[in-house]
Amino acid sequence: MHAQSGGNLIRTSFRLGPVEFKNRVLVASGTFGYGDECVSAVDVNRLGGIVTKSLSLKPREGNPPPRIVETTGGMLNSIGLANIGVHRFVSEKLPFLRTVDTAVIANIAASTIEEYCAVLEILEGEEGIDAYEINVSCPNVREGGLNFGTSCPMTAEITKQLRGRTRRPLIIKLTPNVTHISEFARAVEDAGADAVSVMNTLIGMALDVRTRKPVLSTVTGGLSGPAVKPVALAKVYETARAVKIPVIGIGGITNGRDAIEFLLAGALAIQVGTANFVDPAAGIKVADEMKAYCAEQGIADMGSLVGALDARTGVSVLDSWL
């Protein structure tokens, strides 16, 4: 797909398996609901894709409040994967998503490998879903609460089991709370993943000095927003050099320049997350700013920016766009 900007036709689209995305900006899971909540404020058809709120086999109420707190340059959340469950999603949310002119990626979360498989198998029988993103930053109840995403063998096993159950693109969303994220990326690549999302939230906490208690009911939560962008960029760069499958960059993206940085570091596409809470149209604005950058630089295909960082000198094509 091409976009008219500055008198030039700029190619903004990309493919992931059989799916063509009209542009490289998706909205991240948990920051845009199921898409239907934002239609009065945003033309969702202008997005490259919508990643749904995480879906579990049964509805989840999530953690007790307080479960969100603002921090310097970001926010902490401990929502606890609250969602309506896959069956209500199919009956109440999917009919709307079938009407949108953009890609729909269903995010799946679970507490056992069997539950991951069960959710995917339910969705497999439905039209209107283009791909899956698998949230492996979930506690494995059979292993005493150890997160799947911090165990390379378990992450690979989830990927292998799901790969055998679908031909739709399979994206594994990796946690940064490990020593080397590239090891996990290679493991899921070997197990059949089509792409990886990098990265999920960092572990963080906030304290109330008056009460001397943690602000979140769960003590710690997931840190997101602009504060995590430098970490996310480094994780994308590490991952992109380690695997051949595409990397989707996530972490602190609020404008077009941020997004272009992720492409230069090796991301095929990006997701806008926390910025959606500030402005539901953030993703569309990021996409427009990315096109404006390409027009200014005389770039006909946005894909030419992917991995275009000159790491030897630290100088990139972005430096002239100041």
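Taking region 110-127 as the range and being part of a loop (DSSP other than H, G, I, E, B) and out of contact with any Phe, Trp or Tyr (no Cβ under 8 Å at 6 or more places or on another chain) as the test, the residues that pass are S111, T112, G125, E126, E127. Screening A106 against (1) within 22 Å of the chain's Cα centre (by Cα); (2) of a type in the set (G, A, S); (3) more than 19 Å from R60 (Cβ to Cβ) leaves a single unmet condition, (3).
With the condition kept exactly as written, say whether any residue in region 140-150 is in contact with a strand residue (DSSP E or B) (Cβ under 8 Å, 6 or more places away or on another chain) and within 26 Å of C38 (Cβ to Cβ). No: zero hits. Name the one entry in I260, I245 that is of a type in the set (V, I, T), surrounded by fewer than 24 Cβ atoms within 10 Å (Cβ to Cβ) and within 26 Å of I299 (Cβ to Cβ). Result of the check over I260, I245: I245. For region 17-62, the strands (runs of 3 or more DSSP E) that sit wholly inside it and include 1 or more residues that are crowded, with 20+ Cβ neighbours inside 10 Å and either without any contact (Cβ under 8 Å) to a residue 60 or more places away in the chain or charged (D, E, K, R) (or both) are 49-51. Entry remark, region 248-257: residues being assigned to a helix (DSSP H, G or I) and surrounded by fewer than 20 Cβ atoms within 10 Å (Cβ to Cβ) number 1 in total. Of the strands (runs of 3 or more DSSP E) contained entirely in region 128-240, those carrying at least 2 residues that are of a type in the set (G, A, S), modelled with pLDDT of 95 or more and under 20 Å from L26 (Cβ atoms) fall at 195-198, 220-224.
When both residues are 6+ apart or on different chains and their Cβ atoms are under 8 Å apart, which pairs have a first residue that lies in region 208-230 and is at positive phi, and a second that is surrounded by fewer than 16 Cβ atoms within 10 Å (Cβ to Cβ)? These pairs meet every condition: G225/G73.
The values are calculated or read from the model by the stated rules, or taken from the named source; none is laboratory data. Quick caveat, the model's predicted, so the values are computed rather than measured. Positions of Cβ are generated from backbone atoms using ideal geometry, with glycine treated the same way; all protein chains shown enter the neighbour counts.
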